[in-house]
Amino acid sequence: MEGNAALRALPSVDRVLGLPQLLPLIERFGRAEVTEAIRAVLAEARAGRVPPGSAEIVAAMAADRLEERDRSKLRPLFNLTGTVLHTNLGRALLAEAAIEAAVDAMRDAVALEFNLADGKRGERDDHLREILCELTGAEDATLVNNNAAAVLIALNTLGAGREAVVSRGELIEIGGAFRMPDIMARAGVKLVEVGTTNRTHPRDYRAALHAGTGLVLKVHTSNYRIEGFTAEVGGRELAAIAREAGVPLLNDLGSGTLVDLSRWGLLREPTVREAVEEGADLVTFSGDKLLGGPQAGFIVGRRDLIAAINRNPMKRALRVDKIRIAALAATLKLYRDPDRLAERLPTLHLLSRRAGEIEAQARRIEPQLSPLLSPAYGVEVCECRSQIGSGALPLNTIASAGLRISAPRGRDLEALAAAFRALPRPVIGHMKDGALVLDLRCLTDEAGFLANLSSLSLPHGMA
Ligand SMILES: *Cc1c(COP(=O)(O)O)cnc(C)c1O
């Protein structure tokens, strides 16, 4: 057919809509949505962007369009990057108890700011205050949207219009535009840097403290380490210096953890309880890093300072909704039984999986994956190192195992990585030394992973 004749022969919208095979589509997406998709396909055909076709072809193209539009970009995926708390992949996976609590809170009305005992108004922080104090030894506690917000509101409350003294070795950038100097500026606090990049001494802090000082800030340098000729003032000593000068010490722990991780063979991170015991007046930490809950930022410490934070109008803008409060309360409760924590808290479960167990899993999967990829790609079981992620213990990787996929004839690994990402449940690995590595530390649903692979469509010409 001539091009113009083919265009003239394009079916009408009504003709396509009338096809019996469109009924299930209309049932699922609604008539308006299906009509819109058909119009869009016809318009593209007229514009020459897709070849003109019969009513049946137009219907099939409209169906593809609707499917594609409907498929969530936020659908679950397999995080085989080897980074357990991957910020770009949503950090901590919630415990079942937390998921159930969140779902319950979503579905029904809850006593979020309502006191069931006397029928009067309650406070949303009340749901977490007691358990946070119990787990950290702090006098009082509050929470906001995330730890960046916790630092922002704490700085603003303690130091607006005044100075915050911080070591040059702790002026961190966390990524995603969280830079301590910028946060300070937005909090209305004047930054006073003391010491040098590698060494800061007690006398450096003392020399900077004066009547215009609002607070002393200590930041856990979670995502880097300064090694060699170094000196830092520890939390206890710094607390004494701040107390002497009559100003509060804010300790931003970043990840923070509520338990000593060495119990599970992981390296020690400072616990929140330790920071409180050392004498910090306020301690801030994240909900979705090592703690293993949903996104949130906690502030624990002195009652009068927490009260001041709660009076800050910023608090209303940074507050947390009922869904997360429910999930957080359920997550924190798990910490009352440390013996079963690794069973129940996915973050800890994944971080504490032994390399031997992961290697056995890789050996089971390799013979099923290899035939799907050969002969274009080679698959072998490999050792690898997982990371905790989110800036926690960045230099301490954990022995793990996985599958190393290489392209012996120089085939395009990027195309293979794209094919894995296009799966119904996307598989995300990472490139290392010219190979695509799938670290299996976070693979808990092995059967689901294998079933998903049946949809793998190899890059063109590589099957
Ligand atoms: C991660 C981190 C933050 C930011 O916490 P979010 O929960 O991501 O907002 C702040 N300070 C430190 C030291 C951190 O490690």
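The values are calculated or read from the model by the stated rules, or taken from the named source; none is laboratory data. Being a predicted model, the structure only gives us computed values, none of them experimental. Quick reminder, even Gly has a Cβ in these numbers, built from the backbone with ideal geometry, and neighbours come from all protein chains shown.
Name the one entry in 319, 340 that is surrounded by fewer than 17 Cβ atoms within 10 Å (Cβ to Cβ) and touching a residue at least 24 places away in the same chain (Cβ under 8 Å).
319
Name the pairs whose Cβ atoms lie under 6 Å apart, with the first residue in region 287-299 and closer than 12 Å to residue 332 by Cα, the second more than 10 Å from the ligand (Cβ to nearest atom) and among the charged types (D, E, K, R), and 6 or more positions between them or separate chains?
294/324
Counting only residues that are part of a loop (DSSP other than H, G, I, E, B), of a type in the set (A, V, I, L, M) and either at pLDDT 95 or above or touching a Leu at 6+ places or on another chain (Cβ under 7 Å) (or both), how many does region 230-248 have?
1
Tally time: how many residues in region 44-86 are over 25 Å from residue 418 (Cβ atoms) and either assigned to a helix (DSSP H, G or I) or β-branched (Val, Ile, Thr) (or both)?
Qualifying residue count for the region: 8.
Mind telling me which of the residues 274, 269, 227 ends up being at pLDDT below 95, more than 16 Å from residue 154 (Cβ to Cβ) and out of contact with any strand residue (DSSP E or B) (no Cβ under 9 Å at 6 or more places or on another chain)?
227
Taking region 276-317 only, how many residues are of a type in the set (Asp, Glu) and within 26 Å of the chain's Cα centre (by Cα)?
Adding up the residues that qualify gives 1.
Scanning for something surrounded by 10 or more Cβ atoms within 10 Å (Cβ to Cβ), more than 40 Å from the chain's Cα centre (by Cα) and over 30 Å from residue 417 (Cα atoms), does region 33-43 turn up at least one residue?
yes
Starting from region 134-150, take each residue that is farther than 20 Å from residue 323 by Cβ and list its partners that are assigned to a helix (DSSP H, G or I) and not hydrophobic (A, V, I, L, M, F, W, C), counting only C-beta distances under 7 angstrom and pairs at least six apart or across chains.
The qualifying pairs are 136/273; 137/273; 137/277; 139/303; 140/129; 140/303.
Here are the criteria: (1) at pLDDT 95 or above; (2) farther than 27 Å from residue 68 by Cβ. Tell me which single one residue 374 does not satisfy.
Evaluating residue 374 over (1) at pLDDT 95 or above; (2) farther than 27 Å from residue 68 by Cβ leaves (1) as the failure.
For region 362-371, state whether one or more residues are within 18 Å of residue 82 (Cβ to Cβ) and touching a Cys at 6+ places or on another chain (Cβ under 9 Å).
Yes, the conditions are met somewhere in region 362-371.
Taking only region 226-273 into account, find how many residues are closer than 22 Å to residue 165 by Cβ, within 16 Å of the ligand (Cβ to nearest atom) and not polar (S, T, N, Q).
Of the residues in that region, 11 qualify.
Looking only at strands (runs of 3 or more DSSP E) that fall completely inside region 104-212, which ones have 1 or more residues that are within 16 Å of the ligand (Cβ to nearest atom) and modelled with pLDDT of 95 or more?
140-144, 163-167
Give me the pairs, please: first residue somewhere in region 4-21 and assigned to a loop (DSSP other than H, G, I, E, B) and modelled with pLDDT of 95 or more, second residue anywhere and surrounded by 14 or more Cβ atoms within 10 Å (Cβ to Cβ) and of a type in the set (Val, Ile, Thr), beta-carbon distance under 7 Å, and either six or more positions apart or on two chains.
Partner pairs satisfying both residue conditions: none exist.
Run residue 454 past the list (1) over 24 Å from the mean Cα position of the chain (by Cα); (2) crowded, with 18+ Cβ neighbours inside 10 Å and report the number of the one that doesn't hold.
The failed condition is (2).
Suppose the filter is outside any helix (DSSP H, G or I), under 30 Å from residue 291 (Cβ atoms), in contact (Cβ under 8 Å) with a residue 12 or more places away in the chain and not β-branched (Val, Ile, Thr); does residue 92 pass it?
yes
Do we find that residue 378 is on the phi > 0 side of the Ramachandran plot, outside the structural domain of residue 287 (by TED's automatic domain parsing) and in contact with a strand residue (DSSP E or B) (Cβ under 9 Å, 6 or more places away or on another chain) in this structure?
no
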